[in-house]
1. Restricting to region 91-115, and then to whatever is in contact with a strand residue (DSSP E or B) (Cβ under 6 Å, 6 or more places away or on another chain) and among the aliphatic types (A, V, I, L, M), can you tell me which residue is surrounded by the fewest Cβ atoms within 10 Å (Cβ to Cβ)?
2. Please indicate, with yes or no, whether at least one residue in region 80-92 is part of a loop (DSSP other than H, G, I, E, B) and either touching an Asp or Glu at 6+ places or on another chain (Cβ under 9 Å) or more than 19 Å from ARG7 (Cα to Cα) (or both).
3. Can you tell me which residue among ARG70, ARG62, ARG30 is touching a Phe, Trp or Tyr at 6+ places or on another chain (Cβ under 9 Å) and over 24 Å from LYS89 (Cβ atoms)?
4. Please determine whether any residue of region 39-52 is charged (D, E, K, R) and either surrounded by 16 or more Cβ atoms within 10 Å (Cβ to Cβ) or part of a strand (DSSP E or B) (or both).
5. Can you pull out the residues in region 74-106 that are farther than 24 Å from SER21 by Cβ and of a type in the set (A, V, I, L, M)?
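Nothing in this text is a laboratory measurement; each read-out follows from the coordinates by a stated rule. Not measured: the values here are computed from a predicted model. Cβ placement follows ideal geometry from the backbone for every residue including glycine, while neighbour counts extend to all protein chains displayed.
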Amino acid sequence: MSEHCLRFPKKERICSDKAISQLFGSDCSRSVVNYPVRAVYRFLSETSSNTPVQVLISVPKRYLRHAVQRNAMKRKMREAYRLHKSLLKLDESTQRLHLALIWISDKTADYATVENKVCSLLQRISENHQESEAQQ
């Protein structure tokens, strides 16, 4: 795998309030849970951006009260996504994906656990997408 594929630049992050509200407020959004990580995702047909996948990483203050713990969990989730984002198989010319990875536990975890959970979520999202395309 090339070094370019393993980057996680700013353009691959969801920063727009409009995109975030569409991701969480849309009827087209789906959710998958692999405790302690929850993924909310939405496939888009428009090709407004040049990146096939845009990601939001969130660790709510409700679950981890200390900023140090929240930042550590976000760092672990970002790294796991960065290394395994190739598991998402999309037709890059026509499909776009908005994805939110949300920590839903009140306990921190080691990197191996986070990596395992994020990988399995990415695989499930990819499988769900392939099944829905096969049905259409």
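1. If we take residues in region 91-115 being in contact with a strand residue (DSSP E or B) (Cβ under 6 Å, 6 or more places away or on another chain) and among the aliphatic types (A, V, I, L, M), then ILE104 is surrounded by the fewest Cβ atoms within 10 Å (Cβ to Cβ).
2. Yes, region 80-92 has at least one match.
3. Exactly one of ARG70, ARG62, ARG30 is touching a Phe, Trp or Tyr at 6+ places or on another chain (Cβ under 9 Å) and over 24 Å from LYS89 (Cβ atoms), namely ARG70.
4. Within region 39-52, one or more residues are charged (D, E, K, R) and either surrounded by 16 or more Cβ atoms within 10 Å (Cβ to Cβ) or part of a strand (DSSP E or B) (or both).
5. ALA80, LEU83, LEU87
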